[in-house]
Amino acid sequence: MVTGLLHSHSALRYLVLFLLLAVLVRAAQGVFAKKPFLPLDNKLSLWLLIATHLQLLLGLALYFVSDAVQFNSETMSNPGLRYWAVEHITGMLVAVVLITVGRVKSKKNPEDAAKFRTLLIYNAIALLLVVLVLWQSGRGILIKP
Ligand code: HEM
Ligand code: HEM
């Protein structure tokens, strides 16, 4: 079961990263080229939210069954153990919250430019955080080194 969860969690990262980029590119076009907010923009941000929440669910399940997460006297002093017990979950939780708040706030605003601006700011910080946290994992951002 751990292997299946890990493979799903590992594969879903590509969808999350792709959707983050897609939402960001369209949001930048919306802000800087003043494009209208189309139904596709709403759909992309919804798919991003669903993929991210699914990633959160898989990550939470992994956290309780994975051998990478260990709690012992070494956990905090060993950077490899600390990364999976503390840093990955904390950084990614913040990113998930940013993506969620970005969508909720953007949905509430009736103005197209403001919708795009909110999506741009929240998702840009989220993407930066996800990339930094993945880079820190030592397993590579896109492929294992
Ligand atoms: C640990 C599990 C999860 C947590 C803590 C969580 C939390 C949240 C939160 C806080 C919201 C925002 C509510 C709002 O609009 O104010 C939300 C919305 C949503 N979540 Fe999750 N979620 C989880 C899992 C999932 C899963 C597994 C899916 C689907 C695969 C999912 C799909 C959605 C959808 C579709 C929305 C509403 C999007 C919208 O209309 O803007 N969530 N969730
Ligand atoms: C956008 C959010 C996230 C992304 C992009 C992401 C991505 C990844 C990636 C790429 C791996 C390495 C997979 C591999 O080596 O094949 C991983 C492992 C892991 N993730 Fe996440 N993750 C996210 C959120 C979370 C969250 C919120 C949690 C915990 C609640 C979590 C828990 C874990 C655990 C425990 C592992 C280690 C599994 C193992 O090696 O046994 N992840 N994650």
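Within the stretch 87-110, does at least one residue satisfy the condition of being more than 12 Å from the chain's Cα centre (by Cα) and not in a helix (DSSP H, G or I)?
Yes, the conditions are met somewhere in the stretch 87-110.
Taking L120 and the conditions (1) surrounded by 15 or more Cβ atoms within 10 Å (Cβ to Cβ); (2) hydrophobic (A, V, I, L, M, F, W, C); (3) assigned to a loop (DSSP other than H, G, I, E, B), which numbered condition does it fall short on, given that it satisfies the others?
Here L120 meets the rest and fails (3).
Looking only at the stretch 18-28, which residues are exposed (fewer than 14 other Cβ atoms within 10 Å of the Cβ) and either in contact (Cβ under 8 Å) with a residue 40 or more places away in the chain or acidic (D, E) (or both)?
Correct list: L21 only.
Per-residue answers, yes or no, for (1) at pLDDT below 95; (2) farther than 20 Å from L129 by Cβ; (3) surrounded by fewer than 13 Cβ atoms within 10 Å (Cβ to Cβ); (4) in contact with a helix residue (DSSP H, G or I) (Cβ under 9 Å, 6 or more places away or on another chain):
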residue: H9; (1), (2), (3), (4): no, no, no, yes
residue: V16; (1), (2), (3), (4): no, no, no, yes
residue: F37; (1), (2), (3), (4): no, yes, no, yes
residue: N42; (1), (2), (3), (4): no, yes, no, yes
residue: S45; (1), (2), (3), (4): no, no, no, yes
residue: L54; (1), (2), (3), (4): no, no, no, yes
residue: V86; (1), (2), (3), (4): no, no, no, no
residue: M92; (1), (2), (3), (4): no, no, no, yes
residue: V101; (1), (2), (3), (4): no, no, no, yes
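Would you point out the residue of the stretch 56-84, among those that are farther than 28 Å from G102 by Cα and either within 16 Å of ligand 1 (Cβ to nearest atom) or aromatic (F, W, Y) (or both), that is surrounded by the most Cβ atoms within 10 Å (Cβ to Cβ)?
Restricting to residues being farther than 28 Å from G102 by Cα and either within 16 Å of ligand 1 (Cβ to nearest atom) or aromatic (F, W, Y) (or both), the top hit is V65.
Quick one: in the stretch 1-45, which of the residues that are among the polar types (S, T, N, Q) and over 16 Å from R117 (Cβ atoms) is farthest from ligand 1 (Cβ to nearest atom)?
Result: T3.
Among the residues of the stretch 68-76, are any in a helix (DSSP H, G or I) and either at negative phi or within 9 Å of ligand 2 (Cβ to nearest atom) (or both)?
No, every residue in the stretch 68-76 fails to be in a helix (DSSP H, G or I) and either at negative phi or within 9 Å of ligand 2 (Cβ to nearest atom) (or both).
The values are calculated or read from the model by the stated rules, or taken from the named source; none is laboratory data. Since this is a predicted model, take the numbers as computed values, not measurements. Counting neighbours? That spans all protein chains shown, and the Cβs are built from the backbone with ideal geometry, glycine included.
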